[in-house]
Amino acid sequence: MNFVDAFTYLFKQKNWFVKSLIGSLLFFFIKVIAFSFEIIHSEVGPSPILDSIVRHSPAPGISLFLINIGAIVLLIFSIWMLASVYGYFVTTIRRYMRGQEDAVPDWDEVMQKLFFRGLKAFLALFSFMTILFIVFWVGFFMNHMLVAISPFAAMISNAVLTITLVYCLMMLPALMMSFCEKDKFFAAFDLIRAKKLFQKSPKNYIVMLIMLVTVVFLGGLATLLLFEAKVGILILPIICFYLVTVFGNIVGQYYVAYCKEE
């Protein structure tokens, strides 16, 4: 595994500039989703510009209705973009794991599969995180009740809950590999397979996790600095798409180095 290679991997691919450009354009969903929700969930009405349009229109009620319909359309379109980018991300990892030449594919080669594969992967991740969220809150309330009965039991319960949640989060990259292996929804919940992938090289799996956390940190930092900036709408999608390919390559590197012989 090589951390530097993960950052240079994209530039070694054929037509990398065009692939990055298309991916970056789709990553505009970051701003589109924010703008759509701002309109739909605003407590005081649309943004000042749209509010001015509504007030000066001949039929304010119809104008407001059309604006909200437009926001919903934007939201649906952004979901399509999100699923397509996520599908591209998963497809790239899958091709790298299989040792396919030019693992970062041209968009037109995989476009038909992107939305459904990405939606499947995204729903699997969302479901998994929702389950963890429910387990956390159920455990939290149980611990709160146990404190009044037995502080020691509450401490043990809290330790078990913490270990369980940390373990599940640590297994996320392995679950991603499991999904990419079979391209099936329930493969993303196969903790037994994930454990086997982890046990192939626990030391290097931990190293991979550290690399992934670093990439996520860089992405979070870029988002924090650029999300509200005017130039961010141009730069942030490029950075996000690039870091997504870096993240995927790190996951793929671990699989190819220690699990591919299977």
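Stretching the chain fully between N204 and F136 yields a gain of 21.6 nm (0.36 nm per residue, less the alpha carbon separation). The 1.4 Å probe gives accessible areas that order L119, L225, L26, largest first, as L225, L119, L26.
Using the 1.4 Å probe convention, the accessible area of the stretch 119-262 works out to 57 Å² per residue with neighbouring protein chains retained.
Out of the total accessible area of the stretch 183-262 (probe 1.4 Å, heavy atoms of protein only), what percent is carbon and sulfur? It would help to have the intermediate numbers written out before the result.
Details: 3170 of 4350 Å².
Here carbon and sulfur together make up 73 percent of the probe-accessible area.
Work out the FRET efficiency for E109 and A148 from their Cβ-Cβ distance, taking R0 = 41 Å, and round it to the nearest 0.05. The calculated FRET efficiency here is 0.10.
What length, rounded to one decimal in nm, is gained on full extension from A257 through to M129, with 0.36 nm per residue of separation minus their alpha-carbon distance?
Result for the pair: 43.3 nm of gain on full extension.
Neighbours of K14 by Cβ distance under 10 Å: Lys/Arg scored +1, Asp/Glu scored -1, total -1. Here the extension length gained between V166 and V231 equals 19.7 nm, from 0.36 nm per residue of separation less the Cα-Cα distance.
M145 contributes an accessible area of around 120 Å² to the protein surface, as traced by a 1.4 Å probe with all chains present.
Rounded to the nearest 10 square angstrom, K196 shows an accessible area of 110 square angstrom against a 1.4 Å probe.
Over 28 Å apart at the Cα level, from the set K12/K196; K19/K120; K19/K196, are K12/K196; K19/K196.
The values are calculated or read from the model by the stated rules, or taken from the named source; none is laboratory data. Note that the structure is predicted; figures quoted are calculated from it, not measured. When we count neighbours, we look across all protein chains shown, and the Cβ atoms used for this are built from the backbone with ideal geometry, even at glycine. Just so you know, the surface numbers come from the protein's heavy atoms only, side chains and all, with ligands and any DNA or RNA stripped out. Shrake-Rupley method; radii C 1.70, N 1.55, O 1.52, S 1.80 Å.
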